[in-house]
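Some notes on the structure that comes next.
Coordinate-derived values only; no laboratory data. In this text, all values refer to a predicted model and were calculated from it rather than measured experimentally. With ideal geometry, Cβ positions are generated from the backbone for all residues, glycine too; neighbour counts draw on all protein chains shown.
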Amino acid sequence: MNKAELVSAVADKAGITKAQAAAALDQVLGGIAAALRAGGKVTLVGFGTFSVASRGARTGRNPRDNKPIKISAKKVAKFKPGKKLADDVNGKKKKGK
């Protein structure tokens, strides 16, 4: 599913226009990005947690000539799925439902 398909699905389910759904999705994604830029994390209960991790500098290899190259340190975005999302993906159902 790409962004356009997600916007269409949200618009259909919520009974709003695609423009409104696109604006809402952009605000949600922008809010998550802003929180991660500030070094925070975003937890959506039942869905998962977005966070930032530091990846240290390391030495890699250039695949063309197999010579060592330096890879600088950087921050990377991480996502850890919540239990409900993981269970949904694996087709597990809650007991008693």
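If the requirement is being loosely packed, with under 12 Cβ neighbours inside 10 Å, out of contact with any strand residue (DSSP E or B) (no Cβ under 9 Å at 6 or more places or on another chain) and among the basic types (K, R), which of these qualifies: K74, K13, K67? Show your work before the answer.
On the way: K74 fails: out of contact with any strand residue (DSSP E or B) (no Cβ under 9 Å at 6 or more places or on another chain); K67 fails: out of contact with any strand residue (DSSP E or B) (no Cβ under 9 Å at 6 or more places or on another chain).
Going through K74, K13, K67 in turn, the sole match is K13.
Which pairs have Cβ atoms under 9 Å, sit 6 or more apart or on different chains, and link a residue in region 15-37 that is touching a residue at least 40 places away in the same chain (Cβ under 8 Å) to one that is basic (K, R)?
So the pair list comes out as L36/K75.
Has region 68-80 got at least one residue that is without any contact (Cβ under 8 Å) to a residue 24 or more places away in the chain, on the phi < 0 side of the Ramachandran plot and touching a helix residue (DSSP H, G or I) at 6+ places or on another chain (Cβ under 9 Å)? So that I can check it myself, show each step before the final result.
In the first step, residues of region 68-80 are kept if they are without any contact (Cβ under 8 Å) to a residue 24 or more places away in the chain; the result is 68-75.
The next check asks that each one be on the phi < 0 side of the Ramachandran plot; those that pass are 68-75.
Narrowing the set further to residues that are touching a helix residue (DSSP H, G or I) at 6+ places or on another chain (Cβ under 9 Å) leaves 75.
Yes; the residues of region 68-80 include at least one that is without any contact (Cβ under 8 Å) to a residue 24 or more places away in the chain, on the phi < 0 side of the Ramachandran plot and touching a helix residue (DSSP H, G or I) at 6+ places or on another chain (Cβ under 9 Å).
Does region 49-97 hold any residues that are among the acidic types (D, E) and over 24 Å from the mean Cα position of the chain (by Cα), and which are they? Give the steps one after another, and end with the answer.
Within region 49-97, the first condition is being among the acidic types (D, E), and the residues that meet it are 65, 87-88.
Scanning region 49-97 gives a single hit, D65.
Could you check region 1-14 and list, in sequence order, the residues that are assigned to a helix (DSSP H, G or I) and either of a type in the set (D, E, K, R) or without any contact (Cβ under 8 Å) to a residue 12 or more places away in the chain (or both)?
Residues of region 1-14 assigned to a helix (DSSP H, G or I): 3-14.
The answer is K3, A4, E5, A9, A11, D12, K13, A14.
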